[in-house]
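Only one structure is covered here, and it is reproduced in the block below.
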Amino acid sequence: MYQYVNSSGETPPNGAPPTSSLANKDRADEENDNIDKRSEEKPAGTKFTYHQKATFASAMMASLSNMMAASIISVFYPIEAKAKGMNQTVIGLVFSAFALTAGIGSPIWGKFIPVFGARFIFLAGAFVTGGCNVLFGFIVDMPTRATFTAFSFAIRLLEGLGSSATKTASAAIVAFTFPENVGTAVSLIEMTGGLAYAIGPAIGGLLYDAGGFRFPFFALGGLVLAIDIANFFLLPQQGQKKEESGPLTLVLSIPAIWLALLAVFVAAISLTSLVPTVPIHLKELGFTVLQISFIFLSFGLSYAISSVIWGAVADAKKATRIMMVFGAFGSALFFLFLGPSQLLKIPSTKLLAILVIPTGTVMMGLFIMPTFVDMYISAEWYGVPTNLGVTSIIAGLWNGVFAFGSLVGPLLGGALTQVYGFAYATTIFAGALISVMIVLCLFGVWEYRCGKGRRVPRSRLEMQANTTDEEQVPLIPNDV
């Protein structure tokens, strides 16, 4: 029989969610192991320790350089590849190769980060990413189309693994270092990476015009390696201690984790489906290439800035499910008006596109950003110790699912638009978002049982029942 907590989150009669002595011991051991880094005395007048500041700075610099380096090929690589004889489909697959290995690698890195050390994975991933960028500059000298194609795939696949290693380790370290500000800290890292990914193609194009095919890869690859060297000295040792890997099966046994991953997957597909389709739609409305570039800039900026705001709100209010429901609904409206859908019976105009795109990406941020915090909260509620192993597992799952969604999104968006048209395609994505919203609501009814309180996991109730009377005796009597 399940026990429920009241709407305030307290458990009658004891006033706190049930825990076991074993779980408490694990948490105590974890805190003792990390007391030198998480309980470091803070200087007067400051909010964060030096270790926290250094960790955050390292993660920001790595995110900036890695994502910029990964996106520089967008403008000029298709031109060179076509000149080498590659067709459009193969060129698209080269771009997708990065997301494929990133999606596969992220949960694997999340599993093994505690074993090999988060600091090592973080630095090694950046080294691989920078090295791959430098190597990519040499493929222009390949003598045949076959060798050019083969090395393009091989390097992009390896770069995806390196980038996913750094990104997963970065999210895990940041979440572990800022346990009270997970949403804000992770969203700031995501914002930096998103902005870097948005401006990377422009920088790549400028460097290509200035020095040819090799120059962008040598410059950005060198920047990644230089920052990696700086982070070798800057990043604290907190992630270097070898521990047991996180309990992947235990985390995946939590129903709420699957719900959050479903939301991330659908959101990633919907968001990235716009990459190959919106430019053509805007061109048909009469926008120039320069105007389309500025609209895409507003797309990236509004998503990045709003993600930080929503992350801070999720940290402060812990109302992640409500935020996800409103975000899914707002995102569905965004896709309906972007088409615009035939259901609305309104004409497609320039003004509508200008207003809808930046507003809609704010709603996408509201939908996506709380999912990471929700996974973290759910793991805590189900009694999983919030150590580095668990944050690594959560970061790996989140990044992996988002990467797979980013792989599927452009392919699905392009196919639906080609077969049914842009307006029908956006209507289909809106329907998918509404479906996720309904699932979120129904799951909330099941988990909270119509306002009676959040369901207490059976495993925790069993562990509490097995706790001996001696273990429940307080160390210090109440009358002392």
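The values are calculated or read from the model by the stated rules, or taken from the named source; none is laboratory data. Since the structure is predicted, the reported quantities are computational estimates derived from the model, not experimental observations. Here the Cβ positions follow ideal geometry from the backbone for every residue, glycine too, while neighbour counts run over all protein chains shown. Accessible surface is based on the protein model in full, side chains and every heavy atom, while ligands, DNA and RNA are left aside. Shrake-Rupley method; radii C 1.70, N 1.55, O 1.52, S 1.80 Å.
Some points to look at:
- Meets criteria (open to solvent by 60 Å² or more (accessible area, probe 1.4 Å) and under 30 Å from ALA124 (Cβ atoms)) for GLN342: no
- Long-range neighbours under 6 Å by Cβ, at least six apart or interchain, first residue closer than 21 Å to ASP228 by Cα within segment 64-86, second aromatic (Phe, Trp, Tyr): MET67/TYR197; SER71/TYR197
Condition check ((1) in a helix (DSSP H, G or I); (2) farther than 13 Å from ALA70 by Cα; (3) at pLDDT below 90) across all residues:
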{"residue": "ALA196", "(1), (2), (3)": "yes, no, yes"}
{"residue": "GLY200", "(1), (2), (3)": "yes, no, yes"}
{"residue": "GLY204", "(1), (2), (3)": "yes, no, yes"}
{"residue": "TYR208", "(1), (2), (3)": "yes, yes, yes"}
{"residue": "LEU220", "(1), (2), (3)": "yes, no, no"}
{"residue": "LEU223", "(1), (2), (3)": "yes, no, no"}
{"residue": "ILE229", "(1), (2), (3)": "yes, yes, no"}
{"residue": "PHE232", "(1), (2), (3)": "yes, yes, no"}
{"residue": "GLN238", "(1), (2), (3)": "yes, yes, yes"}
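- Residue in segment 360-370 that is within 21 Å of ILE113 (Cα to Cα) and among the β-branched types (Val, Ile, Thr) present: no
- Among the residues examined, SER187 does not qualify as modelled with pLDDT of 90 or more and open to solvent by less than 20 Å² (accessible area, probe 1.4 Å).
- Checked against (1) over 29 Å from GLY339 (Cβ atoms); (2) more than 20 Å from the chain's Cα centre (by Cα), VAL289 passes all but condition (1).
- For first residues located in segment 313-330 and at positive phi, partners that are open to solvent by 30 Å² or more (accessible area, probe 1.4 Å) and assigned to a helix (DSSP H, G or I) and lie 6+ apart or on another chain with Cβ distances below 7 Å form the pairs LYS318/ILE377.
- Filtering segment 374-397 to residues that are open to solvent by less than 10 Å² (accessible area, probe 1.4 Å) and either of a type outside the set (A, V, I, L, M) or more than 11 Å from the chain's Cα centre (by Cα) (or both) leaves ASP374, MET375, SER378, ALA379, VAL384, LEU388, GLY389, VAL390, THR391, SER392, ILE393, GLY396.
- Qualifying residue in segment 337-345 (condition: out of contact with any helix residue (DSSP H, G or I) (no Cβ under 8 Å at 6 or more places or on another chain), of a type outside the set (S, T, N, Q) and not in a helix (DSSP H, G or I)): yes
- Subset of segment 310-331 [open to solvent by 20 Å² or more (accessible area, probe 1.4 Å) and β-branched (Val, Ile, Thr)]: VAL313, ILE322, VAL325
- Test for ALA198: is it crowded, with 24+ Cβ neighbours inside 10 Å, touching a Gly at 6+ places or on another chain (Cβ under 9 Å) and touching a residue at least 60 places away in the same chain (Cβ under 8 Å): no
- Tallying residues that are in a helix (DSSP H, G or I) and within 17 Å of PRO358 (Cα to Cα) within segment 269-289 yields 7.
- Enumeration of residues in segment 440-457 that are aliphatic (A, V, I, L, M), open to solvent by less than 60 Å² (accessible area, probe 1.4 Å) and in a helix (DSSP H, G or I): LEU440
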